[in-house]
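Structure first, commentary second.
The values are calculated or read from the model by the stated rules, or taken from the named source; none is laboratory data. Please read all numbers here as calculations on a predicted model, not as lab measurements. Ideal geometry is used to build each Cβ from the backbone, glycine not excepted, and the neighbour counts take in all protein chains shown.
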């Protein structure tokens, strides 16, 4: 396997970490609804000249899957992004990245619940570890504090956003849409834009300003994290496979923390290292330990029994 194959998911995670930093910077300068709307407009403007002909040629398939594409766009490009920007207003970039890195584990658990996939030892042990680490993280080193103070709004919103993103991944696996990746991205962005339009129009004056501060953030969110990141990830999955690529998500908190310290001057605390480390260890267990937790007995007439 050429070395450049491993660079694709690595660079994708670096861009995703940058997007978390952009979310924090945007929290104080533009409404979450506005930056979500503008980034979608930019994605469509950039992609339309290159995608319009393939879309027209594939219109019969797209018409057949229009409602699935709309649901996927609502979840991944409208709800996930809006909630992430909203969460950035009341939590740190490091916390956001650690919670987001739980997406592969959540996807695996939802696959067991919704797709009937088998529960593995890694999922069970990793789920418990990640949950404990997350409690330690959001409690800032004191799990019992959650009983009195509850979960901080930003952490709760980020957890909800990650759960929605995980459900999006499960639905993609269930539906197995026969739509090329770039066409899928474009259709999802279009559906998300239509969903966001009413909320954008209801924004108070001044909450959707385009100026020297917000334009670079929108450009990064629209081109860097929506188009370039998608290309890098698609290439990585094509060359390495989805399982290998998913392990790179564990790098997201580390890369984000480094950028947050350098760019936002965030402080790194012990509860970040301990809680985040335990959570990521749980995700790694879920991804690597694939032995079924419960063995199923299958009898074969005249040939004895096999264990699966």
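Report yes if residue 135 is surrounded by fewer than 19 Cβ atoms within 10 Å (Cβ to Cβ), modelled with pLDDT under 95, more than 15 Å from residue 184 (Cβ to Cβ) and in contact with a helix residue (DSSP H, G or I) (Cβ under 8 Å, 6 or more places away or on another chain), otherwise no. So residue 135 fits the description; yes. Residue check: is residue 126 under 19 Å from the mean Cα position of the chain (by Cα), under 27 Å from residue 74 (Cα atoms) and not in a loop (DSSP other than H, G, I, E, B)? No.
When each of 27, 70 is tested for being surrounded by fewer than 22 Cβ atoms within 10 Å (Cβ to Cβ) and modelled with pLDDT under 95, the lone residue that passes is 27. Any idea how many residues of segment 201-222 are surrounded by 16 or more Cβ atoms within 10 Å (Cβ to Cβ) and part of a helix (DSSP H, G or I)? Looking only at that region, the number is 6. Comparison of 128, 110, 115 shows that the only residue that is surrounded by fewer than 21 Cβ atoms within 10 Å (Cβ to Cβ), within 16 Å of residue 275 (Cα to Cα) and modelled with pLDDT of 85 or more is 128. Applying the set (1) modelled with pLDDT of 95 or more; (2) surrounded by 14 or more Cβ atoms within 10 Å (Cβ to Cβ); (3) farther than 27 Å from residue 50 by Cα to residue 191 leaves exactly one unmet item: (3). Which of the residues spanning segment 51-65 are in a helix (DSSP H, G or I) and either surrounded by 12 or more Cβ atoms within 10 Å (Cβ to Cβ) or touching a residue at least 40 places away in the same chain (Cβ under 8 Å) (or both)? Passing the criteria: 51, 54, 55, 61, 62, 64. Against the test of being part of a helix (DSSP H, G or I), at pLDDT 90 or above and over 14 Å from residue 22 (Cα atoms), the options 255, 232, 251 yield a single qualifying residue, 232. Can you tell me which residue within segment 269-290, out of those that are modelled with pLDDT under 85 and assigned to a loop (DSSP other than H, G, I, E, B), is farthest from residue 116 (Cα to Cα)? Once the filter is applied, the top-ranked residue is 289.
Candidates in segment 236-248 are the residues that are in a helix (DSSP H, G or I) and farther than 14 Å from residue 11 by Cβ; of these, the one that is modelled with the lowest pLDDT is 243.
When residue 247 is tested against (1) surrounded by fewer than 17 Cβ atoms within 10 Å (Cβ to Cβ); (2) in contact (Cβ under 8 Å) with a residue 12 or more places away in the chain; (3) over 18 Å from residue 169 (Cβ atoms), just one condition goes unmet, and that condition is (3). Considering every residue within segment 77-84, establish whether at least one is more than 25 Å from residue 251 (Cβ to Cβ), part of a helix (DSSP H, G or I) and more than 15 Å from the chain's Cα centre (by Cα). Scanning segment 77-84, I find no residue that is more than 25 Å from residue 251 (Cβ to Cβ), part of a helix (DSSP H, G or I) and more than 15 Å from the chain's Cα centre (by Cα), so the answer is no.
Does residue 40 meet the test of being surrounded by 18 or more Cβ atoms within 10 Å (Cβ to Cβ) and at pLDDT 95 or above? Against the criterion (surrounded by 18 or more Cβ atoms within 10 Å (Cβ to Cβ) and at pLDDT 95 or above), residue 40 qualifies.
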